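Visitor: Here it is, the structure in full.
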Amino acid sequence: MGERIAMGHRAGLSTASLLLRGAVLYVAALTAARPATAPIMSDDVASLDALRREIDAIDAALHDQVMRRAAVMQAVARSKDVAEAGSAAVLRPGREATVLRRLIRRHSGSLPVAVVARIWRELMSSAAALQAPLRVAVCAPSHSVAYFDLARSHFGSSTPMTLHRSASVVLRAISENPGTIGLLPLPQEGESDPWWPALVVEEQTGQTPRVVWRLPFFEAPGARFENLAALAVAVAQPEETEADGTLLALETAQTLSRARLRELLRVQGFGERILAGHEESGHRLTLLELDGFVRREDDRLQTVLRGLGEELFRSSILGSYPVPLGPSGAMRERAT
């Protein structure tokens, strides 16, 4: 370029003209050296269109399988004769938990596992509703948005829900309509008017409301703005899974110490946590969370009850539920 400028000076061209001509020649040289980009951009567009067509085909196939699943669930309902058995026959908390655990274990890839759990919760809740009418009565003396969100996340967007401040209203709805699932706050120590003593009965029948879920069963990290938990109560049979928690209520004399009660449970190999206590009419009600699926006839439990002697007035298993999963999809070490 220097030689061209020198020649230009001899030809009488200005310095500005020479610099401009040099710049034009430099840009032309760069353009000639640069590879053509138009075909690459065209290939990218074609590739993107092909990917979108593949996504559309996958969506159609997914929808076909969802519709097929719904048809199979209706066949299941006919085989159960749900109309004769009642709405509670469609509630399968143990099976639903087992399916979710299996799917979460096999999941891989960039799609968050919480999305997989949410999709299948919607599918399973809607499938249950296809078999028999279901509704959820949510008890929220406070934090109504948080409890309603717990219910909606677990039981699906298409399940009818009502919101109540009174636990007694929710419990009455469960008893009067077997298709109603009640969602009630997790019992806490020191409550002045706890709801769970209403479930304490000596003789349980097929129409006795029982705890069947502890929520949230699964959630993404940071998905909730309030760290609350709840129990789902329904006229349904709890189902044993690979990891469960059981609620045991004991009505005892006030003279019974918690230390003695815990020692009796420990000797029989029970992992336990005292959730709540309540005193009334000279008696004490204690709500315990036991590790595992514990039945009334469990020999270990019967040994504990005998060990309480005359200080025990009555006992009742309020239900069992699958141990919730942690944010990573792994089961929590304890149901709490």
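Visitor: Which of the residues spanning region 268-282 are over 26 Å from the mean Cα position of the chain (by Cα) and either of a type in the set (A, V, I, L, M) or surrounded by 14 or more Cβ atoms within 10 Å (Cβ to Cβ) (or both)?
Guide: Listed by number, the residues that qualify are Gln268, Phe270, Gly277, His278.
Visitor: Can you tell me which residue among Leu312, Leu231, Leu290, Leu265 is touching an Asp or Glu at 6+ places or on another chain (Cβ under 8 Å), modelled with pLDDT of 90 or more and closer than 30 Å to Ala114 by Cβ?
Guide: Leu290
Visitor: Enumerate the helices (runs of 4 or more DSSP H) found wholly within region 1-116, keeping only those where 1 or more residues are among the β-branched types (Val, Ile, Thr), under 49 Å from the mean Cα position of the chain (by Cα) and at pLDDT below 95.
Guide: 38-80, 82-85, 93-106
Visitor: Also, quick follow-up: Take the residues in region 153-175 that are among the hydrophobic types (A, V, I, L, M, F, W, C) and surrounded by 15 or more Cβ atoms within 10 Å (Cβ to Cβ), then tell me which one is nearest to Glu96 (Cα to Cα). Write out each step before concluding.
Guide: Quick first cut of region 153-175, residues among the hydrophobic types (A, V, I, L, M, F, W, C) only: 155, 161, 163, 167, 169-171, 173-174.
Then keep just the ones that are surrounded by 15 or more Cβ atoms within 10 Å (Cβ to Cβ); that gives 155, 161, 163, 167, 170-171, 173-174.
Values: Phe155: 11, Met161: 20, Leu163: 25, Ala167: 26, Val170: 24, Leu171: 24, Ala173: 24, Ile174: 21 Å.
Ranking the candidates gives Phe155 first.
Visitor: Next up: Can you find even one residue in region 122-132 that is among the charged types (D, E, K, R), part of a helix (DSSP H, G or I) and modelled with pLDDT of 90 or more?
Guide: yes
Visitor: Select, from Ala243, Ala253, the only residue that is under 23 Å from Trp120 (Cα atoms) and not acidic (Asp, Glu).
Guide: Ala243
Visitor: Taking region 192-227 as the search range and keeping residues that are modelled with pLDDT of 90 or more, touching a His at 6+ places or on another chain (Cβ under 8 Å) and not aromatic (Phe, Trp, Tyr), which one is surrounded by the fewest Cβ atoms within 10 Å (Cβ to Cβ)?
Guide: Filtering region 192-227 for residues that are modelled with pLDDT of 90 or more, touching a His at 6+ places or on another chain (Cβ under 8 Å) and not aromatic (Phe, Trp, Tyr), the one surrounded by the fewest Cβ atoms within 10 Å (Cβ to Cβ) comes out as Pro197.
Visitor: Take region 176-191 and flag every residue that is crowded, with 16+ Cβ neighbours inside 10 Å and either assigned to a strand (DSSP E or B) or modelled with pLDDT of 90 or more (or both).
Guide: Thr180, Ile181, Gly182, Leu183, Leu184, Pro185, Pro187, listed by residue number.
Visitor: Right, next: May I ask you to say which residue of Gly245, Gly292, Gly319, Gly326 is under 30 Å from Ala128 (Cα atoms), without any contact (Cβ under 8 Å) to a residue 24 or more places away in the chain and under 30 Å from the mean Cα position of the chain (by Cα)?
Guide: Criteria check complete, one pass: Gly326.
The values are calculated or read from the model by the stated rules, or taken from the named source; none is laboratory data. Worth saying up front: this structure is predicted, and the values here are computed from it rather than measured. Ideal geometry is used to build each Cβ from the backbone, glycine not excepted, and the neighbour counts take in all protein chains shown.
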